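*Asks:* I have a structure here, written as structure tokens, and I will follow up with some questions on it.
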Amino acid sequence: RYVSVTGVQTCALPISQISRRSLFGAAAAASVLPVAGGLAAFSPIAAAAAAPKKARTIVEIAAMSPVDMARESDVVQTSYEIIRAAAGRLRDPELRKAVLSVIENPAPTIASADQSAVLAALKKEGLIAAGRTSVFPKFSDTTRSPQPTWSAPGSGYGSHHAYPSGLCTHVALNVVSAESLVAAYDNIDGLKLDFDHAVGGEILHDLHKPWVFQWEADNACRKEEALAGTGEHHVLSIAESIKRGLPAEFVVAQACAHEHPGSASGEAQVVGWLRAAAIIAGVDPVKAGLIAADGKTLPLPRRIEGWVVHLADHDWVISVPACQWVVKALRNLAEKKWGVRDEKTFNALRNYVLCNLTAMRLYGILSAQGEEAFAADVARVVKA
């Protein structure tokens, strides 16, 4: 069964071809991998970041909300459409409809559960800190997301893609990676993986970041809590997929984003996240087909789609330090050029600059061309 909160129209990009050289290096450049959407899907994002249409003063920027910034950014809307297009390529029509519905409105339907009972159950299983007094981030409506998918940051404010729409730029890259990996395993190993579970699991792996990383009054985002030994967004996202009735194989693949089951310790973590998510969603994880009957492993034999989701989610390896280094350089620039010293104004400036130019693009300029080129690029969206 699939439970849809809102209905949305699908969109799709044409099939394109990408060389194996672009993915795996010159040694494997002899043939071509067909990838739906493919890396060509990135050209509109790069073009939007290279040619922003608007520049604003510090005063104008400080008056904008993070959602306002994301709404007017071509980079944001382009990356969001890439994600929706990838969802539109899912094969199963009911699953496609359900995934598009979540993207359109990642409502915290799991928050309708008895939070006290869920908290007690999680504590009994050792899956949440003994001192915690709640499980869920703040919410006012379980049928509506606190913010759109396209305005959420990609992670906590000190981590990767930490700016309005960072979630979309993060997921867009990951989804293209997942599609490429599915094609690569077929082309090289003859593996016929489940496209819907590998790519769909990647699309929804961070579905509750709009809920977890809500924007605060100081223009930074909410600090994330831990749950079952990882960031709470991961377990809450898994629980939401379970609650909405997505297939067990899909959910298991999604759960592997933060770790893979290739070792006993890694698998134990994934099993723990699935157990915690099942408690929140109100299901028995064994009966639901999420873990094996002994409660110690994933269903056997372990499906490869989970590894695809895990591998595709590795954008953070570079994007975490890149965002941190870019923010440091931007802070120095803001103080020297515009005299911005207070945190709230700087956060607004940071949000505006990064959601128009992206942290990864700016770090590419900073690392290859230096501080002067970095400052010149920032000046394209900030008026003196």
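*Asks:* So, for segment 120-176, what is the accessible surface per residue at a probe of 1.4 Å, expressed in square angstrom?
*Replies:* 36 Å²
*Asks:* Using a 1.4 Å probe on the protein heavy atoms, what percent of the accessible area of the chain belongs to carbon and sulfur?
*Replies:* 54 percent
*Asks:* Probe of 1.4 angstrom, ligands and nucleic acids ignored: what's the accessible area per residue over segment 255-384, in square angstrom?
*Replies:* On the way: 5810 Å² over 130 residues.
On a per-residue basis, 45 Å².
*Asks:* For residue 107, which sequence-distant residues (separation of 5 or more, or a different chain) have an amide H within less than 5 Å of its own amide H, given hydrogens modelled in the peptide plane?
*Replies:* It is 145, by chain and number.
*Asks:* Another question, then. Under the rule of at least 5 residues apart or a separate chain, name every residue whose amide H is placed under 5 Å from the amide H of residue 221.
*Replies:* Close amide H contacts, sequence-distant or interchain: 157, 216.
*Asks:* Specify the inter-centroid distance of segment 140-159 and segment 56-94, based on alpha-carbon positions, in whole Å.
*Replies:* 12 Å
*Asks:* Could I ask something else about it? Please list 3J(HN,Hα) in residue order for segment 102-113, calculated via the Karplus relation 6.51 cos²θ - 1.76 cosθ + 1.60 where θ = phi - 60°; whole Hz, with x for glycine and proline.
*Replies:* Each residue of segment 102-113 in turn: 5, 4, 5, 8, x, 5, x, 5, 5, 6, 6, 5 Hz.
*Asks:* Next question. Distance in nm between label sites at residue 287 and residue 134, each 7 Å beyond Cα in the beta-carbon direction?
*Replies:* With each label placed 7 Å out from Cα toward Cβ, I get 3.1 nm.
*Asks:* If you don't mind, another one. For the chain, what is the relative contact order in percent, using Cα pairs closer than 8 Å and at least 6 residues apart in sequence?
*Replies:* Relative CO of the chain lands at 20 percent.
The values are calculated or read from the model by the stated rules, or taken from the named source; none is laboratory data. Keep in mind the model is a prediction, meaning the values are calculated, not measured. Neighbour counts run over all protein chains shown; Cβ positions are idealised from the backbone, glycine included. Keep in mind that these areas ignore ligands, DNA and RNA; they rest on the heavy atoms of the full protein, side chains included. Shrake-Rupley method; radii C 1.70, N 1.55, O 1.52, S 1.80 Å.
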